[in-house]
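In what follows, a structure is listed as structure tokens, so that the remarks can point back to it.
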Amino acid sequence: MIERYTRPEIGAVWSEDHKLASWLEVELAVVDTLAERGEVPAGDAAAVRERATFTVEAVRERERVTDHDVAAFVDVVAASVGEAGRWVHHGLTSSDVLDTALALQLRAVGEICLAGALAYRDALAERACEHRGTLCVGRTHGVHAEPTTFGVKLAGLAFEAQRNLDRLERAFAGVAVGALSGAVGTYSANGPEIEAAVLARLGLAREDVSTQVVARDRHADLLAAIALAGAGIERFATEVRHLQRTEVREVEEPFREGQKGSSAMPHKRNPIVSERVSGLARLLRGYAQGGVENVALWHERDISHSSVERVALPDATILLDYMQSLATRVVNEMRIHSDRMRANLEATHGALFSQRALLALVESGRSRDEAYRIVQENAQLAWDTETPFRELLAGAAPDLELDTVFDAQAFVRYAEEIVGRLDELR
């Protein structure tokens, strides 16, 4: 991923140096385990543990000869140890190291992403509680429907964020899995007991049946969970983008001192963060597709998945971390214009009270079809002629109790209860 979207902590996990360090962690755990079982001399194992080292450049230089990254790494590490280096990579195949080390990296990445998902959820929940009673219009098809509260809007997003947090937790746990079963997964060199002991050292679960590689449905599941989390953030971002339009202006992204919205028009304050999030969510969906394509490998294994994962797994997790950070900042710092929300409630001249008028007419004895016709004609007339719907309805149905029909609080009398459900998340 390009530097622009990479935050330092997660970028460090995906660095080449950290990746090779994870490979070395696996290699050392295997040598130590073999030594404990008497299959490698204790002195040689100690030498490997004390002396094994590498540099990224040395591995790259060796790979120019071997055209095989793991083989190049093993050559460099073994040479750094000396004679005892012969035990490095003993009984292993490349996938044993690659997949198990990848699980270590993904576990570290998961800690970062899950913390970000939790922070985003908590930010939404906090602001939902803050605005549980802030009246605003609800829209369907982009058109005014009935009043709601801004807190109810945010509460729904907070629960979605919780579901995404749950999915991410499960998916990251699903890839914290290693395999040290050797060529085609038969343990022909090192037995299952070696695998179990090494994975216990590393704190990883075991792939139930490895075909030399860890099954890629696990990684596809993670990329799908990441794509869904991104879609949830995009839903929030899309709401902000719509509400920040000049004609609406109910919400605005934070705008920092010195920030410029346009190189040509100094008055502009654009929802650029939300637009950026919406764009990056598209990439996450693309990576999820790549993950699904990786599931079906030839026979026991091929490496068609490798090139995809070198891009998709780092980029998807880096982008999720970045998007969560942006979205959390927008939630925490966005400007909420409750005065504009109240003003926009009047845009239809009271027509959004149409359902209450319909029900009141039915309850007064009219048929539903007749009631619907009366309300529709007058509500649309109010909208088209900018005449208050209440005045028109008073003439069409003088028997109605209009104060009751046009009571805005009736729409939001359960807002406190709805937003209060967020207590389940705390």
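As a footprinting exposure proxy, order Tyr287, Tyr414, Tyr322, Tyr372 by other Cβ within 10 Å, with the fewest listed first.
Details: Tyr287 24, Tyr414 12, Tyr322 20, Tyr372 16.
Going from least to most buried by this count: Tyr414, Tyr372, Tyr322, Tyr287.
Nearest 10 degrees, 0 to 90: what angle lies between the long axis of helix 192-202 and the longest principal axis of the chain (Cα atoms)?
Tilt of helix 192-202: around 60 degrees.
Treating the angle as unsigned and between 0 and 90°, give the value, to the nearest 10°, between the Cα long axis of helix 42-51 and the longest Cα principal axis of the chain.
So the helix axis and the longest Cα principal axis differ by about 50 degrees.
Report the charge-dipole magnitude of the chain in Debye, nearest 20, computed about the Cα centre from +1 at each Lys and Arg Cβ and -1 at each Asp and Glu Cβ. Intermediate values should be presented prior to the final figure.
Details: 48 positive and 66 negative charges, 193 e Å.
It comes to approximately 920 debye.
Tell me which of Ala158, His305, Val331 sits at the most positive position along the dipole axis of the chain, charges placed on C-beta atoms (Lys, Arg +1; Asp, Glu -1).
Sorting the options by dipole projection puts first Val331.
With the contact rule set at Cα under 8 Å and sequence spacing of 6 or more, what percent relative contact order holds for region 1-90? Can you show the working numbers first?
Details: 79 pairs, mean separation 25.1, N = 90.
Taking the mean separation of contacting Cα pairs over the length of region 1-90, I get 28 percent.
Taking the Cα centroid of region 83-160 and of region 289-329, what is the distance between the two, rounded to the nearest whole Å?
Each part reduced to its Cα centre gives a spacing of 16 Å.
Net charge near Arg206, counting Lys/Arg +1 and Asp/Glu -1 over other residues with Cβ under 14 Å of its Cβ?
Details: positive: Arg201, Arg218; negative: Asp96, Asp99, Glu193, Glu195, Glu207, Asp208.
Once positives and negatives cancel, what remains is -4.
Where the only charges are on Cβ atoms (+1 Lys, Arg; -1 Asp, Glu), what is the dipole of region 272-403 about its Cα centre, to the nearest 20 debye?
On the way: 14 positive and 20 negative charges, 85 e Å.
So the dipole magnitude of region 272-403 works out to roughly 400 debye.
Pop out the ³J(HN,Hα) list for region 412-426 in order, Karplus 6.51 cos²θ - 1.76 cosθ + 1.60 with θ = phi - 60°, rounded to Hz; leave Gly and Pro as x.
Residue by residue, region 412-426 yields 10, 5, 9, 4, 4, 5, 4, 5, x, 4, 5, 4, 5, 8, 9 Hz.
Sorting His349, His267, His89 on the 10 Å Cβ count, fewest up front, what's the list?
Numbers: His349 19, His267 6, His89 23.
In increasing order of surrounding Cβ atoms, one gets His267, His349, His89.
Given a 10 angstrom Cα cut-off, can you work out which residue in Val292, Val143, Val152 is the most mobile in a GNM of the chain?
Val143
Once the Cα gyration tensor of region 169-262 is diagonalised, what are the square roots of 5 times its eigenvalues, in whole Å and ordered largest first, as equivalent ellipsoid semi-axes? Intermediate results must be reported in sequence, preceding the final value.
Working: eigenvalues 487, 37, 20 Å².
After diagonalising the Cα gyration tensor, the semi-axes are 49, 14, 10 Å.
Say each of His90 and Arg139 gets a label point 7 Å from the Cα, pointing the same way as Cα to Cβ; how far apart are those two points in nm?
Spacing of the two 7 Å Cα→Cβ label points: 6.8 nm.
In what sequence, highest mean first, do 168-178, 114-124 appear when ranked by Cβ atoms within 10 angstrom?
On the way: 168-178: 19.4, 114-124: 21.3.
Ranking, from highest mean packing down: 114-124, 168-178.
Pop out the ³J(HN,Hα) list for region 182-187 in order, Karplus 6.51 cos²θ - 1.76 cosθ + 1.60 with θ = phi - 60°, rounded to Hz; leave Gly and Pro as x.
Running phi through 6.51 cos²θ - 1.76 cosθ + 1.60 with θ = phi - 60° gives x, 4, 6, x, 9, 6 Hz.
Evaluate the charge dipole of region 1-90 about its Cα centre and quote only its size in Debye, nearest 20, assuming +1 on the Cβ of each Lys and Arg and -1 on the Cβ of each Asp and Glu. Write out the running numbers ahead of the final one.
Details: 10 positive and 18 negative charges, 25 e Å.
Once rounded to the nearest 20, the dipole reads 120 debye.
Whose amide H sits under 5 Å from the amide H of Val251, counting only residues 5 or more places off or on another chain, with H placed in the peptide plane?
Amide H neighbours of Val251: Gln244, His337.
Please report the net charge: other residues with Cβ closer than 12 Å to the Cβ of Cys129, K and R +1, D and E -1. Mind showing how you got there, number by number?
Details: positive: Arg127, Arg132, Arg421, Arg426; negative: Asp122, Glu126, Glu130, Glu416, Asp423.
Here the charged neighbours net out to -1.
Choose one of Ala410, Phe389, Gly420: the residue whose Cα lies farthest towards the positive end of the charge dipole of region 346-425 (beta-carbon charges +1 Lys, Arg; -1 Asp, Glu; about the Cα centre).
Sorting the options by dipole projection puts first Phe389.
Going by how many other beta carbons lie within 10 Å of each one, how would you line up Phe159, Phe389, fewest first?
On the way: Phe159 18, Phe389 24.
So the ranking, lowest neighbour count to highest, is Phe159, Phe389.
Taking a label point 7 Å from the Cα of His299 along the Cα→Cβ vector, which residues of region 177-208 have an amide N closer than 12 Å to it?
So the set is 184.
Using alpha carbons only, how many degrees (0 to 90, rounded to 10) separate the axis of helix 69-81 from the longest principal axis of the chain?
It works out to around 50 degrees.
Out of all DSSP beta bridges in the chain, what portion is antiparallel? Express it as a percent rounded to 5.
So the antiparallel bridges amount to about 80 percent of the total.
Report, to two decimal places, the Cα Rg of region 1-90 normalised by 2.2 N^0.38 Å (N = number of residues). Intermediate results must be reported in sequence, preceding the final value.
Numbers: Rg = 14.9 Å, N = 90, 2.2 N^0.38 = 12.2 Å.
Expressed relative to 2.2 N^0.38 Å, the Cα Rg reads 1.22.
Can you give me the long-range amide H partners of Thr148? Hydrogens built in the peptide plane at 1.01 Å from N, cutoff under 5 Å, separation of 5 or more residues or another chain.
For Thr148, whose amide H was placed from the backbone, the distant partners under 5 Å are Cys136, Val137, Gly138.
No lab work stands behind these numbers, since they all come straight from the coordinates. Keep in mind that this is a model prediction, so the values were computed, not measured. Cβ coordinates were reconstructed from backbone atoms using ideal geometry, including for glycine residues, and neighbour counts include every protein chain displayed.
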